[in-house]
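Worksheet: the structure to be examined is printed underneath.
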């Protein structure tokens, strides 16, 4: 979330960002809350969001001995303090709540540092709910079917309509949640602060959460985020010569000359292959199919196109749209356009509506205007799978 101007708060709202765990499942060289994610330390994302929402102070609960790394992660931020946590999450939250006693807020948000994206709208919904109840938590519906597990076999079904996925931050009237933590005598650890509050007799309201509040847990969560869309361009030229076949967009066209060059010299497909390879940052056609390699002499360029689509899929992308422009004086492309579109769509395994083929001339200027060769340019848009 982009930082926003501090909105006015009708109540004094503080926050605890719980960052005292070890985060071992995330596979990072240091606790995940201090690891970099999307350009900055994980913990910094939500702390910045809270400060931008007008929440102050923000106390970050950290592991023993982590003062230096925590300060480095949050350098330059005003209104941030640190509290050393305990052995369990409850111990850590209790330590943070006690640290606020001397200048007690009216309301407190308790947030897991491992949920870096914190939308302002969620904060606003939580604070508003505290006008009616002592606590409020953001939740999401369960969309998958559920069942109870009996060992390795399916047990009784569970009613997903009655279940919710619980997120943080969890919001409370400060005095109430402090009393609840002080009074907690549960034999087992509570799953979250809402359970502590409920055990103390407090009513906890449910507000809409946000899928963006995803919790970073595994190493895959730290993989570089793929952009939704990538785009590449390609350009190619081949000479027209007597005695050669003319292939364009995978379609053989009867003409008194054909194209000479790499493989079957399908200049349109070659440009398209380069566009797709460029979009997924996999080099160019010459790297994958060197013209010096005799095995590609006379080869169908369809193979190159299918390979480029496969590489795009391996990179996590599918074809969003392709646009090919053939530049020549002759032959006329119009009569063959639909066959060309159909063949390209077939090779790439996409709908015909995602393929555009156009043609133009250079008004008899240059090598294409003199009929010495044919050029082609292409653009390819890839979409994340």
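Okay, here's what the table says:
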| item | result |
| --- | --- |
| Region 209-221: number of residues that are in contact (Cβ under 8 Å) with a residue 24 or more places away in the chain and either assigned to a loop (DSSP other than H, G, I, E, B) or loosely packed, with under 12 Cβ neighbours inside 10 Å (or both) | 8 |
| Hits in region 162-177 - residues which are outside any loop (DSSP other than H, G, I, E, B) and touching a residue at least 12 places away in the same chain (Cβ under 8 Å) | 164, 165, 166, 170, 171, 172, 173, 174, 175, 176, 177 |
| Residue 131 closer than 26 Å to residue 211 by Cα, without any contact (Cβ under 8 Å) to a residue 12 or more places away in the chain and assigned by TED's automatic domain parsing to the domain that holds residue 38 | yes |
| Criterion: in contact with a helix residue (DSSP H, G or I) (Cβ under 9 Å, 6 or more places away or on another chain), at pLDDT 95 or above and within 22 Å of residue 219 (Cβ to Cβ) - qualifying residue of 108, 13, 18, 61 | 18 |
| Residues being touching a residue at least 60 places away in the same chain (Cβ under 8 Å), in a loop (DSSP other than H, G, I, E, B) and surrounded by 20 or more Cβ atoms within 10 Å (Cβ to Cβ) - total across region 27-41 | 0 |
| Selected residue [part of a helix (DSSP H, G or I), touching a strand residue (DSSP E or B) at 6+ places or on another chain (Cβ under 7 Å), crowded, with 20+ Cβ neighbours inside 10 Å and on the phi < 0 side of the Ramachandran plot] from 337, 341 | 341 |
| Out of 308, 281, 312, sole residue that is touching a strand residue (DSSP E or B) at 6+ places or on another chain (Cβ under 9 Å), assigned to a loop (DSSP other than H, G, I, E, B) and closer than 16 Å to residue 383 by Cβ | 281 |
| Only listed residue being surrounded by 13 or more Cβ atoms within 10 Å (Cβ to Cβ) and part of a strand (DSSP E or B), chosen from 202, 206 | 206 |
| Restricting region 60-102 to residues that are part of a helix (DSSP H, G or I) and either within 29 Å of the chain's Cα centre (by Cα) or not assigned by TED's automatic domain parsing to the domain that holds residue 191 (or both), the residue that is surrounded by the fewest Cβ atoms within 10 Å (Cβ to Cβ) | 72 |
| Given (1) without any contact (Cβ under 8 Å) to a residue 60 or more places away in the chain; (2) surrounded by fewer than 16 Cβ atoms within 10 Å (Cβ to Cβ), index of the condition residue 180 fails | (2) |
| Some residue of region 42-58 being in the same structural domain as residue 169 (by TED's automatic domain parsing), within 20 Å of residue 119 (Cβ to Cβ), free of Cβ contacts under 8 Å to residues at least 60 places away in the same chain and over 29 Å from the mean Cα position of the chain (by Cα) | yes |
| Residue in region 130-149 that is surrounded by 17 or more Cβ atoms within 10 Å (Cβ to Cβ), in a helix (DSSP H, G or I) and touching a helix residue (DSSP H, G or I) at 6+ places or on another chain (Cβ under 7 Å) present | no |
| Yes/no for residue 68 being under 18 Å from residue 181 (Cα atoms) and without any contact (Cβ under 8 Å) to a residue 12 or more places away in the chain | no |
| Positions within region 254-278 being assigned to a helix (DSSP H, G or I) and touching a strand residue (DSSP E or B) at 6+ places or on another chain (Cβ under 6 Å), in sequence order | 267, 268, 270, 271, 272, 274, 275, 276, 278 |
| Scope region 229-247; condition without any contact (Cβ under 8 Å) to a residue 24 or more places away in the chain and at negative phi; matching residues | 241, 242, 244, 245 |
| Residue within region 222-237 that is assigned to a strand (DSSP E or B) and over 34 Å from the mean Cα position of the chain (by Cα) present | yes |
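The values are calculated or read from the model by the stated rules, or taken from the named source; none is laboratory data. In this text, all values refer to a predicted model and were calculated from it rather than measured experimentally. All Cβ positions, glycine included, derive from the backbone under ideal geometry; neighbour counts span all protein chains shown.
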